[in-house]
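Trainee: Next up is a structure, given as structure tokens.
The values are calculated or read from the model by the stated rules, or taken from the named source; none is laboratory data. Only a predicted model underlies this, so the values are computations on that prediction, with no experimental measurement involved. Glycine gets a Cβ as well: all are built from the backbone with ideal geometry, and neighbour counts include every protein chain shown. Only protein heavy atoms, including side chains, enter the accessible area calculation; ligands, DNA and RNA are left aside. Shrake-Rupley method; radii C 1.70, N 1.55, O 1.52, S 1.80 Å.
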Amino acid sequence: MTDTPRLNLPLLAPSQAQKHVTVNEALTRLDALVQLALGSTTITTPPLAASEGDAYGVPAGAVNAWAAHEGQIAVYVNAGWAFVPATQGMRAYVVDQGAHACFDGTQWIEGLQSLSPNGAGMIQRTIEIDHVIGAGATSHVPFALPSQSVVFGVTGRVTTAITGTATGFSLGVAGSVDRYGSSLSMPQGSWLRGLTGAPVTYYNAEDLILTGEGGDFAGGEIRLAVHCLQFAIPI
């Protein structure tokens, strides 16, 4: 055996010369894999400006140096790519998603909190949306609340002051326009934390709706975050 069975760390051979090369490569791989942070789990082309120790989850459809390595972890070592098997249950922080993910045996799933032997799992997600508010009495954020999800709340921050004749606004859904807040402030930097007395299940995707209070909107931007759970079924 020339490599360890789990992380493919190179092993020293009897009477090997240049032992430090093998040891240093093993240490470099460990440096990347311990407290694992992946640059991305979705890009399919190896980055041209990778730095030593950078790591990526290789997705389906990967090309060039990553071709035929899908489902593995690519680590940039000694100016080239080394590949480590990703095993079911591995966890990593995914930099370009700003979230932790778990490997289910096939792919990295953001927010996966539990995983049964047959692939059922509970997925905790925070979905962030930057929304530009148009002129009118209401402004819809299309399909912001995902289907088949349990939503605990919606938070947000006004990134560009909301203008118009409205003196405030409410945030909700069709049939409950203030479910996630009312009399909300419009200046830049204002924030909201919309909680419900009990989590709400959405069987179909729904719009979030901003409704002007006391008048209409003219413009502005808001960053919204939907905090929810979703459930994967077993295979």
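Trainee: Once both axes come from the Cα atoms, what is the angle between helix 19-33 and the longest principal axis of the chain, in degrees from 0 to 90, rounded to 10?
Mentor: 20 degrees
Trainee: Within a Cβ distance under 12 Å of residue 157, other residues only, what is the Lys/Arg minus Asp/Glu net charge?
Mentor: Working: positive: 193, 223; negative: 128, 130, 221.
Neighbourhood net charge equals -1.
Trainee: When the accessible area of the range 151-235 is computed with all protein chains present and a 1.4 Å probe, what percentage of it is carbon and sulfur? Write down the numbers at each step before the final one.
Mentor: On the way: 2260 of 4200 Å².
It is 54 percent, rounded to a whole number.
Trainee: Give the average over all directions of the projected area of the C-alpha convex hull of the range 39-102, one decimal, in nm². Display every interim value, and only then the final one.
Mentor: Details: hull surface 16.1 nm².
One quarter of the hull surface, i.e. the mean projection, equals 4.0 nm².
Trainee: Using only the Cα atoms, what convex hull volume per residue in Å³ does the range 21-66 have? The partial results should precede the final answer.
Mentor: Details: hull volume 4.0 nm³, N = 46.
Hull volume over Cα atoms, normalised by residue count, gives 86 Å³.
Trainee: Another question about this same structure. DSSP beta bridges in the chain, what fraction antiparallel, as a percent rounded to 5? Spell out each step's value before the answer.
Mentor: Working: 65 of 67 bridges.
So the antiparallel bridges in the chain amount to around 95 percent.
Trainee: May I pose another question? Which whole-number value in Å² is the accessible area per residue of the chain, probe 1.4 Å?
Mentor: On the way: 12410 Å² over 235 residues.
I get 53 Å² per residue for this part.
Trainee: Could you calculate the contour length gain from residue 2 to residue 223, that is, 0.36 nm times the residue separation minus the distance between their Cα atoms, to one decimal place in nm? Walk me through the numbers before you get to the answer.
Mentor: On the way: separation 221, 0.36 × 221 = 79.56 nm, distance 5.11 nm.
My answer for the length gained is 74.5 nm.
Trainee: Sticking with this structure for a sec: Quickly estimate the mean residue ellipticity at 222 nm for the chain, helices only: each DSSP H run with n ≥ 4 gives -39500 (n - 2.57), and the total goes over all residues, rounded to 500. Before the final figure, lay out each step's value.
Mentor: Numbers: 1 runs with 15 residues, N = 235.
Dividing the helical sum by the residues of the chain leaves -2000 deg cm²/dmol.
Trainee: Return the Cα extents of the chain along principal axes one, two and three, sorted largest first, each rounded to a whole Å.
Mentor: 83, 38, 27
Trainee: Please compute the net charge surrounding residue 39, taking Lys and Arg as +1 and Asp and Glu as -1 over other residues with Cβ under 11 Å from its Cβ. List each step's numbers first, then the result.
Mentor: Numbers: positive: none; negative: 54, 96.
Result for the local shell: -2.
Trainee: Now, a different point. Taking all protein chains as present, what is the carbon and sulfur share of the accessible area of the range 7-91, in % to the nearest whole number, probe 1.4 Å? Write down the numbers at each step before the final one.
Mentor: Values: 2480 of 4510 Å².
Within the range 7-91, the accessible surface is 55 percent carbon and sulfur.
Trainee: Using a 1.4 Å probe, how large is the accessible area of residue 221, given in Å² and rounded to the nearest 10?
Mentor: Its accessible surface works out to 70 Å², give or take rounding.
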